[in-house]
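Student: Just dropping this structure here.
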Amino acid sequence: MTAGGDGDSVVYYHGTRADLRPGDLIGPGNRSNYGARKAASWVYLTATLDAAIWGAELAQGEGRQRIYIVEPTGPIEDDPNLTDKKFPGNPTKSYRSREPLRIVGEVAEWQGHPPERVQAMKDHIEELKRQGIEAID
């Protein structure tokens, strides 16, 4: 697996609350973990554990926060929700695909962000919502 054609092997992650197993597919068309929870047109992945941790921490639902190791089954592209104007050059290494991601493993141990940082991020998302801005397209 490579991102950006640099030839280096890349590990991709997906943070969620979904209870999945190796071999399962995560794909577009499922309810989003975020916002109004409408059917997602894309599936999201990242090459940084930190971004995956945010994904797990901010995912809506009651399930346990999980971070899966995934492999794309098709092309991926930069995630415009976290790149372009917000973070030029994609330093978060966040991507999206219209093709499913295959679960190949789970990160068993990881350290979440401090509760006050998570709450600040949730408050920011709520403020965007009040402004009519949906974080995920």
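Student: By how many nm would the segment from E99 to L128 lengthen if fully extended, with 0.36 nm per residue of separation less the alpha-carbon distance?
Tutor: 7.6 nm
Student: Gain in length, L49 to V107, computed as 0.36 nm per residue apart minus the alpha-carbon separation, to one decimal in nm?
Tutor: Full extension of this stretch gives 20.0 nm more.
Student: Under 10 Å from the Cβ of P22, count the other residues' Cβ atoms, weight Lys and Arg +1, Asp and Glu -1, and hand me the total.
Tutor: Details: positive: R21, R102; negative: D24, E106.
Result for the local shell: 0.
Student: Here's something else I'd like to know. Summing Lys, Arg as +1 and Asp, Glu as -1, what charge do residues with Cβ under 14 Å from the Cβ of G112 carry, G112 excluded?
Tutor: The answer is +1.
Student: Work through the residues other than Y95 whose Cβ is under 11 Å from its Cβ and net out their charges, Lys, Arg +1 and Asp, Glu -1. It would help to have the intermediate numbers written out before the result.
Tutor: Working: positive: K93, R96; negative: E77, D78, D79.
Taking every Cβ under 11 Å from that of Y95, the sum is -1.
Student: So, one more: What's the Kirkwood radius of the range 12-130 in Å, using all Cα pairs?
Tutor: 14.6 Å
Here, each number is a calculation from the coordinates, and none is a lab measurement. Predicted, not measured: the structure shown is a model, and the values here were computed from it. Counting neighbours? That spans all protein chains shown, and the Cβs are built from the backbone with ideal geometry, glycine included.
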